[in-house]
1. Kindly check whether there is at least one residue in region 355-363 that is buried (at least 17 other Cβ atoms within 10 Å of the Cβ), closer than 16 Å to S122 by Cα and free of Cβ contacts under 8 Å to residues at least 40 places away in the same chain.
2. Which one is nearest to V266 (Cα to Cα), of the residues in region 196-223 that are among the aliphatic types (A, V, I, L, M) and at pLDDT below 95?
3. Do you know which residues across region 150-162 are surrounded by fewer than 19 Cβ atoms within 10 Å (Cβ to Cβ) and part of a helix (DSSP H, G or I)?
4. I'm trying to understand the selection: among the residues of region 163-175, which are within 28 Å of R248 (Cα to Cα), in a loop (DSSP other than H, G, I, E, B) and touching a residue at least 24 places away in the same chain (Cβ under 8 Å)?
5. Looking at (1) over 18 Å from V71 (Cα atoms); (2) open to solvent by less than 10 Å² (accessible area, probe 1.4 Å); (3) over 16 Å from the mean Cα position of the chain (by Cα); (4) hydrophobic (A, V, I, L, M, F, W, C), which is the one condition that is false for L343?
6. Tell me, which residue of region 85-101 that is hydrophobic (A, V, I, L, M, F, W, C) and touching a Phe, Trp or Tyr at 6+ places or on another chain (Cβ under 6 Å) is least open to solvent (accessible area, probe 1.4 Å)?
7. Condition first: surrounded by fewer than 18 Cβ atoms within 10 Å (Cβ to Cβ) and more than 21 Å from the chain's Cα centre (by Cα). Now tell me which residues in region 58-84 satisfy that.
8. Return yes or no: is Y147 open to solvent by 40 Å² or more (accessible area, probe 1.4 Å) and aromatic (F, W, Y)?
Amino acid sequence: MIVGVAKESYPGERRVALVPAVVPNLIKAGFDIVVQAGAGLEAGYTDAQFVEKGAKILPDRAAVFGAADIVVQVLGYGANDINGQADLALLRKQQILIGFLRPLGAIDSIQQIARAGVTAFSVELVPRTTRAQSMDALSSMATISGYKAVLVAADSLPRIFPMLTTAAGTVTPSRVLIMGVGVAGLQAIATARRLGAVVSAYDLRPAVKEQVLSLGARFVELPLEAKDAQDARGYGTEQDEAFYARQRELLSRVVAESDVVITTAVVPGKKAPVLVTAEMVKGMAQGSVIFDLAAERGGNCGLTRAGETVIEHGVTIIGPINLASGVPFHASQMYAKNISAFLLYLMKDGKLQINLQDEITRETLLTQGGEVVHGRVREFFSLPALVAQ
């Protein structure tokens with residue numbers, strides 16, 4: 001069973017799907033690893049390091065796709081909406097594809113993968129259970145993004161984060177507000193605290209209060225109750241516009257008092273809710289920073305422009321795309337461990353097993369036998385239910 005790693009083709013993508021450290025365990029389990037020449041260079045991993053661990057280097061992308069039974073990518077077609085379509089011609093029937101595929105993005109790309117006869121596993125769909133924790137690539141990349149967001153925001157702020165007592169007087173600490181306390185939000189809190197900021201956090205899920213307090217931040221409590229605040233997977237659920245309007249009203253003062261606001265609120269498959277309006281931005285002090293981690297989903301700030309940094313009303317608003325790629329060495333390391341854990345989980349007795357009775361396999365499998373087979377994805381796009389054979 002040959003696992004192929006091609007160089008990522010999304011513009012600016014510096015990560016690589018596997019790193020040399022995970023290769024020996026995969027080989028021991030019965031996999032052979034082939035890697036496109038230079039695939040790991042931008043993440044800090046050389047061809048020589050892959051070869052030293054037992055991988056084989058192939059000259060180009062076509063050679064990797066041609067040799068591989070399993071292709072592992074960071075951004076596969078669907079998530080890679082710029083260059084990913086070119087991979088369709090390289091994929092073949094019954095080949096296995098594993099990576100970020102954005103299953104709730106555009107149905108056309110998912111159906112094209114299905115029509116190619118590819119068995120595709122979408123890492124976004126890994127269930128958030130204890131058994132699947134080592135395979136949870138979404139959490140891994142959210143950890144990287146939360147960390148990087150604080151560093152970029154701190155660099156953009158015309159203030160320093162910690163309190164300093166100097167011969168020139170006392171410098172007061174910066175005030176940072178984290179909106180949305182998932183994995184990215186928690187890492188942002190921890191990083192901002194390490195840098196010495198005074199940190200507050202808000203989330204519509206009251207259950208996260210204890211986690212916020214344990215990191216030394218203040219939890220912002222509003223006289224507002226969300227209906228079914230989180231789903232079975234632990235994600236915040238979409239609320240109605242009346243809820244968001246009241247939420248914005250109550251948060252206006254907190255936002256105005258903050259030097260940095262980092263927003264992380266996304267709802268899978270939906271446009272990100274607007275938490276910070278243009279009017280709220282006007283109320284912030286000159287030089288303040290908003291870092292919108294939901295920019296790719298439409299943004300939590302009404303003035304965010306995806307992929308751009310803009311200044312509105314004296315406030316710097318940063319709308320990053322593909323932020324985890326900005327820390328490619330450790331992002332690749334974490335992602336590779338997620339992917340290798342998934343591959344080792346599927347390998348039973350020297351053979352790759354696709355057991356649909358198993359929750360992790362079933363919930364991650366996106367396409368098979370020419371069809372989109374994931375029940376939740378079919379329901380999301382209003383596709384008719386599959387008829388059992």
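1. Within region 355-363, none of the residues are buried (at least 17 other Cβ atoms within 10 Å of the Cβ), closer than 16 Å to S122 by Cα and free of Cβ contacts under 8 Å to residues at least 40 places away in the same chain.
2. Per the stated criteria, the residue is L204.
3. Matches in region 150-162: L151, V152, D155, S156.
4. P173, S174
5. (1)
6. I98
7. P59, D60, A62, A63, G66, A67, D69
8. Against the criterion (open to solvent by 40 Å² or more (accessible area, probe 1.4 Å) and aromatic (F, W, Y)), Y147 qualifies.
The values are calculated or read from the model by the stated rules, or taken from the named source; none is laboratory data. Note that this is a predicted model, so its numbers are computed, not measured. Every residue, glycine as well, gets a Cβ built from its backbone with ideal geometry; the counts of neighbours run over all protein chains shown. Side chains included, ligands, DNA and RNA excluded: accessible areas come from the protein's heavy atoms. Shrake-Rupley method; radii C 1.70, N 1.55, O 1.52, S 1.80 Å.
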